[in-house]
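Everything below concerns the one structure shown next.
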Amino acid sequence: MVYTFTAENFEAEVLNSSIPVFVDFYADWCGPCKMMSPVIDKLADEYEGKIKVGKINVDENSELAMKYGVMSIPNMKFFKGGQVVDEVIGAVPKPAMKQKFEANA
């Protein structure tokens, strides 16, 4: 399951999560973001219960994008205990993403 994060639920869903959280900062117009979407969907299923996976639209939540230094997209960050612990910038192949998920699970 892929969650939809917004400014309204970010604190509860991401910062206060009891498990690691993967956040995909994306935009609807972003080609590389669209390429990553099926990879992220598959990883969300594979890591259900171990890592909460969600997306946040930077056009609709620009204040959060600015707060976390998102200068280019796709920009994907792993949060643990309310802190960013790892990130991936740009479109990457599924094996590389899976390595990041394994390292942060």
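The values are calculated or read from the model by the stated rules, or taken from the named source; none is laboratory data. A quick note: this is a predicted structure, and the numbers were derived from the prediction, not measured. Glycine also receives a Cβ, built like all others from the backbone with ideal geometry; neighbour counts cover every protein chain displayed. Just so you know, the surface numbers come from the protein's heavy atoms only, side chains and all, with ligands and any DNA or RNA stripped out. Shrake-Rupley method; radii C 1.70, N 1.55, O 1.52, S 1.80 Å.
The table below gives the values:
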quantity: Residue, least open to solvent (accessible area, probe 1.4 Å), within the range 1-21, restricted to residues that are under 16 Å from residue 65 (Cβ atoms) and free of Cβ contacts under 8 Å to residues at least 12 places away in the same chain; calculated: 9
quantity: Hits in the range 1-20 - residues which are touching a helix residue (DSSP H, G or I) at 6+ places or on another chain (Cβ under 8 Å) and of a type in the set (A, V, I, L, M, F, W, C); calculated: 1, 2, 5, 7, 10
quantity: Of all residues in the range 7-53 being within 16 Å of residue 88 (Cα to Cα) and among the hydroxyl-bearing types (Ser, Thr, Tyr), the one that is farthest from the chain's Cα centre (by Cα); calculated: 37
quantity: Pick from the range 22-41, criterion touching a residue at least 40 places away in the same chain (Cβ under 8 Å) and within 16 Å of residue 65 (Cα to Cα), ranking: most open to solvent (accessible area, probe 1.4 Å); calculated: 26
quantity: Those residues of the range 80-102 which are open to solvent by less than 70 Å² (accessible area, probe 1.4 Å) and closer than 19 Å to residue 36 by Cα, in sequence order; calculated: 86, 88, 90, 91, 92, 94, 96, 97, 100, 101
quantity: Filter pass, residue 67 being surrounded by 13 or more Cβ atoms within 10 Å (Cβ to Cβ) and modelled with pLDDT of 95 or more; calculated: no
